Amino acid sequence: MRFNETKLKLIHLLADGDFHSGSKLAALLGVSRSAVWKQIEGFADIGVEIVAVSGKGYRLTQPLELLNQSTIEALLSPPVKTLLNGLEIHHQIDSTNRYLVNSVEQGCCSGMVCLAEMQTAGKGRLGRQWISPFGRNIYLSLLWRFSEGPGALSGLSLAVGVAVVRALKKSGVHDIGLKWPNDIYWRKRKLGGILVEVLGEANGPCSAVIGLGINFYIPERSAQSIDQDWTDLEHILGQTRPSRNAMVSEVLNELAPLVEGFDKTGLKPYLDEWRGWDCMCGESVTLSVGNSKVRGEVSGITDDGLLILRDQQGRFSNFASGEVSFHEKGA
């Protein structure tokens, strides 16, 4: 579904969650009632759920809070405003990460933020698609340029996880956990994910595109495409959940100062917090590395951010990458 001016206006008109008659919508948009219906027919495909009631008209199943640049910028702290160098909001984009990766090659400045209401090819780890219904979640990427090479950014995704948890806790979310290497969990269900893509020469300088997805509300139709246990802020907090715009600002307030000095400080200042929120330590897991699978118990992370796994023979091994899945002890 492509977004023309009529579709965007229609979404804005319906965003309040109230009923709007087809005739009134048609008049406001300058189109026929049948044209309104044709536009609405495609909304389900992008995760916008519509209720149609004879005599009342159309309404969204839930109000829609659209991203607003001025609202986000007004909630940024003064120091963070000086660190950031532009904020773009796209109604539809293939991937916020891909957009900024392409921007690196075009000389885009450090501190650029890209947000989207919807991604058509959102990127998760290991090439997975990130489910991205329109206007319901946070899809955010931040471009940062570093004077050092990629080697100085080891553990960056873990440190970013600390920044995200800080922001969520300030927004009233508790029982949060960090799942190595880059997932945000709530009671063993995935709430968000991080994807860091590093570009540059081995000896520097380099650039990092830091992508973040946080689930606010996953419509039922979109949820059918998710192949793991998940949750969203609607389930966790209900009506007390923060606004999307406020959440974006809170994340940037935590994230920008962290990345600003990361190539000098490294992971060390964030290790204790990460370990305190580690939701895997002591758990029985399966680690998939390529075509190999290793079962064992997680014993935390090293100071360099490597996963420590104790196998069934009691031997300890460290892993720099892999996909971890929980399973019950004794299973």
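Things worth noting here:
- Full-stretch length increase - A15, Q312 - with 0.36 nm per residue and alpha-carbon distance subtracted: 101.6 nm
- Computed about the Cα centre, the dipole magnitude for the chain is approximately 660 debye when only Lys and Arg (+1) and Asp and Glu (-1) carry charge, each at its Cβ.
- The simple spin-label model puts a point 7 Å past each Cα toward its Cβ; for A74 and R187 those points are separated by 3.5 nm.
- Ligands, DNA and RNA left out, the 1.4 Å accessible surface of the chain is 47% carbon and sulfur atoms.
- Projected-area average for the range 220-322 over all orientations - Cα convex hull basis, square nanometres: 9.6
- Taking amide H as placed 1.01 Å from N in the peptide plane, E283 has its amide H under 5 Å from the amide H of V298, each at least 5 places away in sequence or on another chain.
- Here the extension length gained between D45 and L8 equals 11.8 nm, from 0.36 nm per residue of separation less the Cα-Cα distance.
- Averaged per residue, the chain has 46 square angstrom of accessible surface, using a 1.4 angstrom probe with ligands and nucleic acids left out.
- Positive-end extreme of charge dipole, the chain - chosen from L66, P133, W37 (charges on Cβ): W37
- Comparing the range 145-260 with the 2.2 N^0.38 Å rule of thumb, its C-alpha radius of gyration ratio is 1.15 (two decimals).
- Across all directions, the shadow cast by the convex hull of the range 22-115 built on its C-alpha atoms averages 8.6 square nanometres.
- Placed amide H near M112: partners under 5 Å, 5+ positions off or other chain: N85, L143
- Across K81/K169; K170/K264; K169/K190; K179/K268; K9/K81, pairs whose alpha-carbon gap is larger than 20 Å: K81/K169; K170/K264; K9/K81
- Proximity of backbone amide H atoms, modeled 1.01 Å from N, is registered between S21 and Y58 at under 5 Å, excluding neighbours fewer than 5 places apart on the same chain.
- When the range 252-301 is described by a simple charge dipole with +1 on each Lys and Arg Cβ and -1 on each Asp and Glu Cβ, the residue from G300, L287, L258 located farthest towards its positive end is L287.
- Where the Cα pairs of the chain fall when distances are cut into 20 Å bins, in %: 30, 54, 15, 1
- Here the Gaussian network model covers the chain, with springs between Cα atoms less than 10 Å apart; of D278, D263, D304, D304 fluctuates the most.
- For K293, solvent-accessible area (1.4 Å; no DNA, RNA or ligand), Å²: 150
- The 3J(HN,Hα) values that the Karplus relation (6.51, -1.76, 1.60; θ = phi - 60°) gives for the range 8-13 are, in residue order, 5, 4, 5, 4, 5, 5 Hz. Gly and Pro appear as x.
The values are calculated or read from the model by the stated rules, or taken from the named source; none is laboratory data. Small disclaimer: the values here were computed from a predicted structure and weren't measured. Methodologically, a virtual Cβ is constructed for each residue, glycine included, from the backbone with ideal geometry; neighbour enumeration extends over all protein chains shown. SASA here: full protein model, heavy atoms, side chains in, ligands and nucleic acids out. Shrake-Rupley method; radii C 1.70, N 1.55, O 1.52, S 1.80 Å.
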